[in-house]
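Comments concern the structure below.
Each value in this text was obtained by applying a stated rule to the coordinates, not by laboratory testing. If you're wondering where the values come from, they're calculated on a predicted model, not measured in any experiment. Quick reminder, even Gly has a Cβ in these numbers, built from the backbone with ideal geometry, and neighbours come from all protein chains shown.
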Amino acid sequence: MASDAGIPRHVAIVMDGNGRWAKRRFLPRVFGHKAGVDTLVKTVLACADRGIEHLTVFAFSSENWKRPTEEVSFLMGLVLVAVEKYLGRLAARGVRVRVIGDRDQLSERLRQACDQAESNTAHNTRITLWVAFAYGGRWDIVQACRAAMRDGVDPQALDEATLARYLAFGEAPDPDLLIRTGGELRISNFLLWQAAYSELVFTDCLWPDFDDAELDKAIAAYAARDRRFGLVKNAAPAQAAANRAC
């Protein structure tokens, strides 16, 4: 696994600061979102170059629906533009795209764009880009519980491993490293279950300014951490290895 060499296997990012980036340049907020998409594409490829296997980004949260109607409409349209502009480039570079979130809230056209992104890249194995769109950590846990109930899982048999399989991206390992840009010190309902033992890195860098140097700084901070997964420092090696494998 990549994490054995000090490189996290799975990185998650809260891409914050697009609006402030635009405001500092006396531009409308939408320009920040456009710049943020360009940064995302660069970051995906940078992660792939470093051997990271999974990248999950918080593209649009459950709470973002409360933003001004004009901004929400722009963000929906930006998804369509991004798929058309960048999907071919990402697919050619070995990127597999998966979209997680409540698709029932999306328009038919947006659902088709998500399906297209997934189907056109399904064969790729270099890195998986998980796009959390119309996603919230609480929503994820609730929908997982409902799915388990629909499948008739016995409540007495419902343990952490079983419920985890019903989460929005149950096939992916939990994030090793969670980065938030923009200077805020919270995870904002992102991957509440999966980030239980993630290493957290917060940076004042606004998302459109996030570059290879910022990514490497976050990875270096991760590599310097002593990850114990809730164990005491002198825990048995076999138990520590079992936790790392989870």
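Tell me, in nm to one decimal, what length is gained between Glu63 and Arg103 on full extension, where the rule is 0.36 nm per residue of separation less the Cα-Cα distance?
So the extension gain works out to 12.9 nm.
Can you run phi through the Karplus equation (6.51, -1.76, 1.60; θ = phi - 60°) for region 93-101 and list ³J(HN,Hα) in whole Hz, with x for Gly and Pro?
9, x, 8, 9, 10, 10, 10, 10, x
Return the Rg/Rh value of region 1-129, two decimal places, where both radii are evaluated on C-alpha atoms and Rh is the Kirkwood radius.
Computed over Cα atoms, the ratio is 0.98.
Could you calculate the FRET efficiency of Arg25 with Glu84 from 1/(1 + (r/R0)^6), where r is the beta carbon distance between them and R0 is 35 Å, rounded to 0.05?
0.85
What is the fewest-to-most order of Glu118, Glu214 by other Cβ atoms lying within 10 Å of their Cβ?
Exposure proxy ranking, most exposed first: Glu118, Glu214.
Percent relative contact order of region 2-245, based on C-alpha pairs within less than 8 angstrom and at least six residues apart?
27
With n ≥ 4 as the cut-off for DSSP H runs, can you work out [θ] at 222 nm for the chain, using -39500 (n - 2.57) per run divided by the number of residues, rounded to the nearest 500?
-13500 deg cm²/dmol
Would you grab the residues whose amide H sits under 5 Å from the one on Phe190? Only those 5+ places off in sequence or on another chain, please, with H modelled 1.01 Å from N.
Close amide H contacts, sequence-distant or interchain: Gly137.
Output wanted: per-residue J couplings in Hz (rounded whole) for region 167-175, from phi through Karplus 6.51 cos²θ - 1.76 cosθ + 1.60, θ = phi - 60°, x for Gly and Pro.
5, 4, 9, x, 7, 8, x, 4, x
If amide H atoms are built 1.01 Å from N in the plane of the peptide, which residues on other chains or at least 5 residues away come under 5 Å of the amide H of Thr56?
When sequence neighbours closer than 5 places are left aside, the close amide H contacts are Val11, Ala12, Ile13, Trp130.
What does the convex hull of the Cα atoms come to per residue for the chain, in Å³?
Expressed per residue, the convex hull around the Cα atoms of the chain is 137 Å³.
So how many Lys-Lys pairs in the chain land under 15 Å Cα to Cα, not counting same-chain pairs under 8 apart?
So the count of such lysine pairs works out to 4.
Long-range amide H contacts for Ala134: which residues qualify at under 5 Å (H placed 1.01 Å from N, peptide plane, sequence gap of 5 or more or a different chain)?
Sorted by chain and number, the residues that satisfy this are Phe60, Ser61.
At R0 = 41 Å, how high is the FRET efficiency between Ser188 and Ala157 if r is their beta carbon distance? Nearest 0.05 is fine.
So, using R0 = 41 Å, E works out to roughly 0.80.
Work through the residues other than Arg25 whose Cβ is under 15 Å from its Cβ and net out their charges, Lys, Arg +1 and Asp, Glu -1.
Once positives and negatives cancel, what remains is +3.
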